[in-house]
């Protein structure tokens, strides 16, 4: 379930949008699952669901720190992070794919407002993954190597807003992880949570089931008339905001 933040008026339908990457636009999560499974088996341990959730949405340095803790410092954090990355890349071709609705949504928004992708992954990695499925002409990419403090700190979202020349309060953020949603919310963006499972708790203003959810399209693309599901002040009605 999502954790809705305090109600507020949504940005206009032509306002800038900042997307997360992995788990929102594309999925490499299965490759990471296989990598962590192999890594823990290699070190004679098992990764439980709580530990796996701690690893979601993190930059590589933070992944190493968590792995070191979970594996009781069997190796330095940087070594464990490097091993995990190598294992993930060995599985990537098997599993990488766009998330449902992602390609169509980005294509529909392109040219209608400023767009960016903000990811903890290095910029060149994000670009290489996205260009398999998306036209990047209208997408500004802000990678974790471009900021001092990655998500869950707000810096990467503030950097994206600066590049897009869009005030955070008038900018949409679409996130699938608590790490990313925390960063976007702290930066002052209007956060749409797209949780990967019903168990995910995201700090967000509204939550939708997927990028092809009609409620998201109504909010981003077609500003509805008064008789539509939106209220007169621009807020999503309660039934839409708390699914």
Quick check on segment 25-50: of everything there that is modelled with pLDDT of 95 or more and under 19 Å from the mean Cα position of the chain (by Cα), which residue is surrounded by the fewest Cβ atoms within 10 Å (Cβ to Cβ)? 26
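If we only count helices (runs of 4 or more DSSP H) wholly inside segment 12-70, which ones have 2 or more residues that are in contact (Cβ under 8 Å) with a residue 24 or more places away in the chain?
Answer list for segment 12-70: 29-42, 60-70.
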Matching residues, segment 60-69, being out of contact with any helix residue (DSSP H, G or I) (no Cβ under 6 Å at 6 or more places or on another chain) and either in the same structural domain as residue 128 (by TED's automatic domain parsing) or surrounded by fewer than 17 Cβ atoms within 10 Å (Cβ to Cβ) (or both): 61, 69
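Return the only residue of 174, 130, 136, 189 being modelled with pLDDT of 95 or more, buried (at least 20 other Cβ atoms within 10 Å of the Cβ), within 25 Å of residue 93 (Cα to Cα) and in the same structural domain as residue 21 (by TED's automatic domain parsing).
On the way: 174 fails: within 25 Å of residue 93 (Cα to Cα); 136 fails: buried (at least 20 other Cβ atoms within 10 Å of the Cβ); 189 fails: within 25 Å of residue 93 (Cα to Cα).
Being modelled with pLDDT of 95 or more, buried (at least 20 other Cβ atoms within 10 Å of the Cβ), within 25 Å of residue 93 (Cα to Cα) and in the same structural domain as residue 21 (by TED's automatic domain parsing) holds for just one of 174, 130, 136, 189, which is 130.
Going by the structure shown, is residue 72 in contact with a helix residue (DSSP H, G or I) (Cβ under 6 Å, 6 or more places away or on another chain), modelled with pLDDT under 95 and assigned by TED's automatic domain parsing to the domain that holds residue 49? Explain how you work it out, then say what you get.
Numbers: in contact with a helix residue (DSSP H, G or I) (Cβ under 6 Å, 6 or more places away or on another chain): no; modelled with pLDDT under 95: yes; assigned by TED's automatic domain parsing to the domain that holds residue 49: yes.
Against the criterion (in contact with a helix residue (DSSP H, G or I) (Cβ under 6 Å, 6 or more places away or on another chain), modelled with pLDDT under 95 and assigned by TED's automatic domain parsing to the domain that holds residue 49), residue 72 does not qualify.
May I ask you to verify whether residue 167 is touching a helix residue (DSSP H, G or I) at 6+ places or on another chain (Cβ under 8 Å), surrounded by fewer than 20 Cβ atoms within 10 Å (Cβ to Cβ) and in the same structural domain as residue 206 (by TED's automatic domain parsing)?
Working: touching a helix residue (DSSP H, G or I) at 6+ places or on another chain (Cβ under 8 Å): yes; surrounded by fewer than 20 Cβ atoms within 10 Å (Cβ to Cβ): yes; in the same structural domain as residue 206 (by TED's automatic domain parsing): yes.
Yes.
The values are calculated or read from the model by the stated rules, or taken from the named source; none is laboratory data. Given the structure is predicted, the values throughout are model-derived calculations rather than measurements. Here the Cβ is made from the backbone with ideal geometry for all residues, glycine too, and neighbour counts use every protein chain on show.
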